[in-house]
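The values are calculated or read from the model by the stated rules, or taken from the named source; none is laboratory data. In this text the structure is predicted, and so the values were computed from the model without any measurement. Heads up, the Cβs are rebuilt from the backbone with ideal geometry, glycines too, and the neighbour counts pull from every protein chain shown. These area figures cover heavy atoms from the full protein model, side chains too; ligands, DNA and RNA do not enter into them. Shrake-Rupley method; radii C 1.70, N 1.55, O 1.52, S 1.80 Å.
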Amino acid sequence: MRTGFKRFLSSFIVVIMIIALLPAISFAADGDTPYTDFTYTVSGSTVTLTKYKGTATTVVVPGSYVINGTTCTTYLDSKTVFTGNTKIKSVTLKSGIKFKDNVMSDLFWNCTALTTVNLSAISTTNITKMTNLFRGCSALTAFNGSNFDTSKVNSFSFMFQNASKVVFSG
């Protein structure tokens, strides 16, 4: 009888510990948008996000995701990831994000509901194109790109066309 009680007590303690840890596990991402809310591809230790398909209107993209136990650097395909999304209202890109082919062109093109963009944590040191970056973002009122380094950018064409409400901060 004693052995059975010890097993029961041990099992009970393990279950209680797992239940106690569940909130910590579910909040480990600190509000980051899961990679499964995107169409994506994984190659080695990189994940390329190609299209946002989630339903949240606030999107926070981290510089890396852990996928199947591997920490993968986040790459964005600026030509498709957010282009034409009419539902997102706020996007924050965190430190460590890379851009496919060092191009940010079309990233938010025609995101007509987008009001706030925070790009202050990303490195733009190697970016060569920012064409149409915010083109058609008619609701955009707040943009923080305080750390933008545009020294290698050779194309800014139509970057803010039809985004006349934007106020820069940072």
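Laid out as a table, the results:
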read-out	value
Potential lengthening between VAL66 and LYS79 on full extension [0.36 nm per residue; Cα-Cα distance subtracted]	2.3 nm
For q = 0.12, 0.17, 0.18, 0.26 Å⁻¹, Debye-computed log10 I/I(0) when each Cα of region 27-108 counts as one equal scatterer	-0.30, -0.61, -0.69, -1.49
Spin-label zone in region 77-109 - amide nitrogen under 18 Å from a point set 7 Å from the Cα of ASN162 along the C-beta vector	79-89, 105-109
Charge sum, other residues only, whose C-beta stays under 15 Å from THR39's C-beta, Lys/Arg counted +1 and Asp/Glu -1	+2
Accessible surface ranking that places the most exposed of ASP101, ASP37 first, with a 1.4 angstrom probe	ASP101, ASP37
Alpha carbon Rg of region 68-170, scaled by the compact-globule rule 2.2 N^0.38 Å	1.02
Candidate lysines for bridging to LYS87, where Cα separation is under 26 Å - those fewer than 8 sequence places away on the same chain excluded	LYS51, LYS53, LYS79, LYS98, LYS100, LYS129, LYS165
Relative contact order (percent, whole number), region 70-120, Cα cutoff 8 Å, 6+ residue spacing	50 percent
Average accessible surface area per residue within region 91-170, 1.4 Å rolling probe, Å²	45 Å²
Gain upon complete extension [ASN154, THR58; 0.36 nm per residue less C-alpha separation]	31.5 nm
Two-site label geometry, LYS87 and ASN147: point separation in nm, points 7 Å out along Cα→Cβ	3.0 nm
